[in-house]
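A short worksheet on the structure shown next.
Values quoted throughout were computed directly from the atomic coordinates according to the rules given, and no laboratory measurement underlies them. Since this is a predicted model, take the numbers as computed values, not measurements. Ideal geometry is used to build each Cβ from the backbone, glycine not excepted, and the neighbour counts take in all protein chains shown.
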Amino acid sequence: MKNDTPTTVIEVKNLACGYGETVVLQKVSFSVHPQELLFVIGGSGCGKSTLLRCMIGLLKPVHGDVAYFGKSFTAADTVQRRDILKTFGVLYQNSALWSSMTLAENVSLPLEEHTSLTREDRREITALKLAQVGLSGSEELYPSELSGGMKKRAALARALALDPAIVFFDEPSTGLDPITSREMDELILQVRDTLGTTMVIVSHQLSSIFRLADRVIMLDRESKGIIAEGAPRDLAAKSTNPRVREFLKQDEEFSKQTNHASAKKPVSISK
Ligand SMILES: Nc1ncnc2c1ncn2[C@@H]1O[C@H](COP(=O)(O)OP(=O)(O)OP(=O)(O)O)[C@@H](O)[C@H]1O
Ligand SMILES: [Mg+2]
């Protein structure tokens, strides 16, 4: 790592967000470190997706600030905002691929919008990104021809198109069977380990949280904010908040399996 690498990739300060008169979250502060897998967890409706929307600029914060690499996103002008937007890729809760476009066209879209690369360069990068997520040769398929797991992979390829420093991922395992969900977890780890991507992942899938998360922040609907922050195993064992312990409760057999799964595997994707 270079000496000038910042220690904080994202800094969320005293953030409040909501819809109209409804306050969903308030006084939310946390930071995300380089190459960290940070999970945003909590029960349904506690504001996980809302926090993500606020962080990526889809929802204007009611109060507070989100900064990337030390530069405020909230206070940025149009040009600064565009530069910051290029530093992250996003995967939405439902994959959100364009159904009328092939996979190659979907993945190539950010390159067309944000770069002046030639058609040939775009084609090469698209093939590389699809290879990175294990979808080589699927360029001409349409989203309707894909399984749920393949759609998520394709959406990840598109999010990686511009080589972002950060990827936001809302519910990677929704709608996936346990095996496909586990493959998705492994892919996420590989991307982080090979490309050095910082990842902010929304999830309430316990298996993924224990397998992947370096740290979690747990949101709570009642208190409209963060009720716990730390490594999932530490929180599960030591949190003084019974709601946190209850949420992170896992049986011992499952714990053994996830400990085993989180051992580093050889990386097989191309950089
Ligand atoms: N577009 C919207 N307009 C108004 N209220 C909304 C909107 N989207 C979400 N909400 C409300 O904000 C609260 C938080 O919703 P959000 O979708 O952020 O929760 P979540 O933690 O992502 O839930 P889930 O786990 O079900 O995805 C909920 O009460 C929800 O009804
Ligand atoms: Mg959500």
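Of note:
- Rg [Å, one decimal], Dmax [Å, integer] - the chain, C-alpha atoms: 18.5, 57
- Whole-Hz ³J(HN,Hα) from phi, Karplus 6.51 cos²θ - 1.76 cosθ + 1.60, for the range 176-182, glycine and proline x: 9, 6, x, 5, 5, 5, 5
- At R0 = 30 Å, FRET efficiency that the Cβ-Cβ distance of Glu105 and Arg233 yields, to 0.05: 0.10
- Net charge contributed by nearby residues that have their C-beta within less than 10 Å of Gly47 (K/R +1, D/E -1): +3
- Take every DSSP beta bridge whose two residues both sit in the chain; close to 55 percent of them are antiparallel.
- A Förster radius of 35 Å combined with the Cβ-Cβ distance from Phe30 to His114 puts the calculated FRET efficiency at roughly 0.80.
- Taking packing as the residue-averaged number of other Cβ atoms within 10 angstrom, the listed peptides 114-120, 82-88, 169-175 run from highest to lowest as 169-175, 82-88, 114-120.
- Rh by Kirkwood over Cα pairs, then Stokes-Einstein D for the range 96-163 at 0.890 mPa s and 25 °C, µm²/s: 213 µm²/s
- At q = 0.19 Å⁻¹, base-10 log of I(q)/I(0) for the range 24-169 (Debye sum, equal scatterers on each alpha carbon): -1.19
- Charge tally for His204 (other residues, Cβ to Cβ under 9 Å; Lys, Arg +1; Asp, Glu -1): 0.
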